[in-house]
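Asks: Here it is: the structure, laid out below.
The values are calculated or read from the model by the stated rules, or taken from the named source; none is laboratory data. Given the structure is predicted, the values throughout are model-derived calculations rather than measurements. Cβ: placed from backbone, ideal geometry, glycine included. Neighbour counts: every protein chain shown. Remember, those area values only see protein heavy atoms, side chains included, never the ligands or the DNA or RNA. Shrake-Rupley method; radii C 1.70, N 1.55, O 1.52, S 1.80 Å.
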2 protein chains.
Amino acid sequence: MKEQPLLNYIKNYISLTEEEEEILLSKISYKKYLKGQYLVQQGDVCKHEYFILSGCTKTFYMDNEGQEHIILFAIEDWWTSDMGSFIAQKPADYNVQCIENTELIQISYEANEELYIQIPKLERFFRKIVERALVASQKRIVRNFSMSAKERYLIFRKNYPKIEQRIPQYMVASYLGITKEFLSKIKSQLILEQ
Amino acid sequence: MKEQPLLNYIKNYISLTEEEEEILLSKISYKKYLKGQYLVQQGDVCKHEYFILSGCTKTFYMDNEGQEHIILFAIEDWWTSDMGSFIAQKPADYNVQCIENTELIQISYEANEELYIQIPKLERFFRKIVERALVASQKRIVRNFSMSAKERYLIFRKNYPKIEQRIPQYMVASYLGITKEFLSKIKSQLILEQ
DNA sequence: AATAAATGTTAAACTAGTTTAACATCATTT
DNA sequence: AAATGATGTTAAACTAGTTTAACATTTATT
């Protein structure tokens, strides 16, 4: 029963009857992606939202100079997608790419709409998920404005210890909004300070 | 019928029966605040969410050096609050202050919870509102990373022409994440370029 | 084991944005 | 009309973070 983790996760927010669980399981699909594969590509319409079972993805924006800006990482038990594209079914602004082999559950736009009708309680579930994501996103804006790169790096390390060990440093730098060279400098400073 | 703008706004997302409209109106309250008054203060639990009828508010974080960092402005037909504090009923990270005399509708945490039970359709409404807010918040993160202060200022001017004329420049600077002196420099550069 | 590809480091020259400080303008109160 | 406080400007000195470029280390491939 590979979908179990999703049901467990949902149970933290709402309770589902057995019948509702069945409906839910009938509407989702389990998939495996390889490291490097894209779940969403900038310009395409994002057709699914994804719940990660194992592995890791990055969501990034590629600017006109060809520079990657990482908006978020997602690991086990996280949701990912290009929400702007998914909710409006318009071309995506961002890419979502697997940076490890990744197992996930995907829900299509149509299945998601049907689920909201058949299990209205899911509106509440997704509302809460999105509320939390918004709070985190606003916190990040404030941190970027009020803290130095070094402070942001220390917070990242504290908040996401599991992620840092799994991804290359240049991606951490991109997530922090600095160059890899500068992150390297910060790290050597931190070692000297100890 | 001062609550009408809220009903009209909600009708863009979901349809309500007359009975539901009455329940809704019975749970909300209409208020007037003066320029300078606070709707939420950092450290207090945020007890309401606010729908602005007229006027303008700013939501800001005050850092340890006493510097203000503006997270968002809200004008007519916008929602505002400290969402992290409101949803968890925990002390607020941010302040929300009126920068003009402001008329608004406020919904208390308890009323909001009761409304979700009595009118489950509102889950859908608020889910959609929060989804949009999250998309906007993520876009702002990307802009802060991938664009210069001048570019961000031009976009702000384009996106919020109505707001720029109503607020002092030093608040625009704070919203853009730069000093007022640097915004002044950008503006004089833009005049020379014309 | 050797090679190539990807990732990480160091340092010098540079630049976008900050800090400080003095002054200018505008709005509000007396 | 003068005075006060709030907002905006200018410029010089500074700094956090970037750019460029050369080299080092790790990981994956043959």
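Asks: Of all residues in the stretch B:155-166, count the ones that are modelled with pLDDT of 95 or more and closer than 13 Å to residue B:58 by Cβ.
Replies: 0
Asks: Residue B:106 is checked against (1) within 11 Å of another protein chain (Cβ to nearest Cβ); (2) outside any helix (DSSP H, G or I) and fails just one. What number does that condition carry?
Replies: Going through the list (1) within 11 Å of another protein chain (Cβ to nearest Cβ); (2) outside any helix (DSSP H, G or I), residue B:106 breaks only (1).
Asks: Pick out, from the stretch B:1-97, the helices (runs of 4 or more DSSP H) lying fully within it that include 1 or more residues that are of a type in the set (D, E, K, R).
Replies: On the way: elements: B:4-11, B:18-27, B:83-88.
Fully inside the stretch B:1-97 and qualifying: B:4-11, B:18-27.
Asks: Select the helices (runs of 4 or more DSSP H) contained entirely in the stretch B:122-194, then report the ones holding at least 3 residues which are open to solvent by less than 20 Å² (accessible area, probe 1.4 Å) and within 16 Å of DNA strand D (Cβ to nearest atom). Spell out how you get there, then give the answer.
Replies: Values: elements: B:149-159, B:161-164, B:169-176, B:180-193.
Here the list reads B:149-159, B:169-176.
Asks: Pull out all pairs, ordered by first then second residue, where Cβ-Cβ is under 7 Å, the residues are six or more apart or on different chains, the first lies in the stretch B:158-173 and is more than 18 Å from residue B:97 (Cα to Cα), and the second is of a type in the set (Val, Ile, Thr) and in a loop (DSSP other than H, G, I, E, B).
Replies: Matching pairs, first to second residue: B:162/B:75.
Asks: Same structure again: Among B:140, B:132, which is the only one that is farther than 21 Å from residue B:12 by Cβ and modelled with pLDDT of 95 or more? Write out each step before concluding.
Replies: Numbers: B:132 fails: farther than 21 Å from residue B:12 by Cβ.
Being farther than 21 Å from residue B:12 by Cβ and modelled with pLDDT of 95 or more holds for just one of B:140, B:132, which is B:140.
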